[in-house]
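Q: Dropping a structure here in structure tokens format, bear with me for questions.
The numbers here are math on the coordinates, done by the rules we state, and not lab data. It should be emphasised that the depicted structure is a prediction, and the values quoted were computed from it without experimental measurement. Please note: Cβ atoms are built from the backbone with ideal geometry, for glycine as well, and neighbour counts cover all protein chains shown.
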Amino acid sequence: MFSAPDFSEHPAFEVRAPADQRVPFVFNSPHSGRFYPPRFLRMTRLDSVAIRRSEDYFVDELFSGAVPLGAPMLMAHFPRAYLDVNREPYELDPRMFADRVPPFANSRSIRVAGGLGTVPRVVSEGTDIYSSRIPVAEAQTRIANIYKPYHQTLRDLLAQTHRRFGFAVLIDCHSMPASVRYGPEGIRPDFIIGDRFGTSASRALSEAAAEILTGMGYLVTANKPYAGGFITEHYGRPLKGLHALQIEVNRGLYMDELTITKKPSFHLLQEDLAAFVAQLMALPDSHFFDYSIAAE
């Protein structure tokens, strides 16, 4: 567990690990944090419900079955509205700061343009988080105290896994709004498997993940509209035996987004995901040494 000044009485993140790691998988839940530091809440103009609109609600719980199956899970307790570790270290939006951002900051990315940088300016609906501009030092402190240790922990987990098993698979766990639609027919996917259009994982692994979920009766799409963020892109190196898949779960399957409460179906989905994870872990090694690029 890790603590930072805003998290002196609550860990910023933690690793839940089995007594013995039995599989070459690492799970990551970077957006399901729901501890809002009191100092941060005093800075925001949003109420206690609106500030949560960027959360991947309960995703750490949905995928919790991975741990008893032998895989560690890194999970954030800090909220995404406070800090987004699925971004480059310094994707900073000059519009939200009282002073100049450092010259090495990436202020021109598409994510920054949308207000969703490393320290977000808005929650997911585009509503401003802060009542006034904040100091750049505020962002730098969060990056130094939480972002960098978080990624160091993730790197260490993947490196240890790769050394032990000869390869490693990162499953980056997320959720998407129930309103998400895709394609001219406006289909609503239950899951989206993101592999950065075949660059972050072997084609065999990506296809197997989709086939398992489809076999359970879910509607699954690949890469659109979510292909994977910084974490998937940064850590996925299939030619080096490092595979990264982003899995987006439709929130309509398990919760009411307006009240932020679980539906009765939550536990059924949780059981299905445990079964999905078990089948994924049981794939033959050939799926992890197939370096072909998945079709877009």
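Q: Pick out, in residue order, every one of the GluC sites (Glu not before Pro) in the stretch 151-242 that is DSSP loop and has at most 12 other C-beta atoms within 10 Å; say none if there are none.
A: Those that pass, being in a loop and sparsely packed, are Glu185.
Q: Follow-up. Pulled fully out, how much extra length does the chain show between Phe197 and Glu185, if you take 0.36 nm times their separation in residues and subtract their Cα-Cα distance?
A: 2.1 nm
Q: Now for a separate question. Sort 102-112, 87-97, 120-130 for me by packing, meaning the mean count of neighbouring Cβ atoms within 10 Å per residue, highest on top.
A: By packing density, highest mean first, the sequence is 87-97, 120-130, 102-112.
Q: Next up: If you plug each phi of the stretch 239-249 into the Karplus form 6.51 cos²θ - 1.76 cosθ + 1.60 with θ = phi - 60°, what whole-Hz ³J(HN,Hα) values come out, in order, with x for Gly and Pro?
A: Computed from phi, the couplings for the stretch 239-249 are 5, 9, x, 10, 10, 9, 10, 9, 10, 9, 10 Hz.
Q: List, in order, the whole-Hz ³J(HN,Hα) value for each residue of the stretch 92-103 obtained from phi through the Karplus relation with A = 6.51, B = -1.76, C = 1.60 and θ = phi - 60°; use x for Gly and Pro.
A: Once θ is set to phi - 60°, the couplings for the stretch 92-103 become 10, 9, x, 5, 9, 10, 7, 10, 6, 6, x, x Hz.
Q: So how far apart, in nm, are the two label points at Asp285 and Asp47 if each is 7 Å from Cα heading toward Cβ?
A: Spacing of the two 7 Å Cα→Cβ label points: 5.7 nm.
Q: Separate question: For the stretch 107-183, just say rounded, prolate or oblate: build the C-alpha gyration tensor, square-root its eigenvalues into a ≥ b ≥ c, call rounded for a/c under 1.5, and beyond that prolate if a/b exceeds b/c, oblate if not.
A: Oblate shape, in that a/c is at least 1.5 and b/c is the bigger or equal ratio.
Q: Please give, to one decimal in nm, the separation of the simple spin-label points placed at Ser8 and Glu211, each 7 Å out from Cα toward the Cβ.
A: 5.5 nm
Q: Checking understanding here: applying a Kyte-Doolittle mean of at least 0.0 and a length along the axis of at least 20 Å (C-alpha), which whole DSSP H helices in the chain pass?
A: Within the chain the helices that satisfy the rule are 266-281.
Q: Compute the distance from the alpha-carbon center of the stretch 212-233 to that of the stretch 15-68, in whole Å.
A: The distance from the Cα centre of the stretch 212-233 to that of the stretch 15-68 comes to 20 Å.
Q: So what's the net charge close to Pro238: Lys and Arg +1, Asp and Glu -1, counting the other residues with Cβ under 13 Å from its Cβ?
A: Surrounding charge for Pro238 is +1.
Q: Here's another thing I want to ask about it. By the gyration tensor of its Cα atoms, with a ≥ b ≥ c the square roots of the eigenvalues, what is the shape of the stretch 5-288: rounded for a/c under 1.5, prolate for a/b over b/c, or oblate?
A: Cα axes put the stretch 5-288 in the prolate bin.
Q: Here is a further query. Tell me which of Met75, Thr259, Pro38 sits at the most positive position along the dipole axis of the chain, charges placed on C-beta atoms (Lys, Arg +1; Asp, Glu -1).
A: So the residue furthest toward the plus end is Pro38.
Q: Can you tell me what share of the DSSP beta bridges in the chain is antiparallel? A percent to the nearest 5 is fine.
A: Around 45 percent antiparallel, to the nearest 5.
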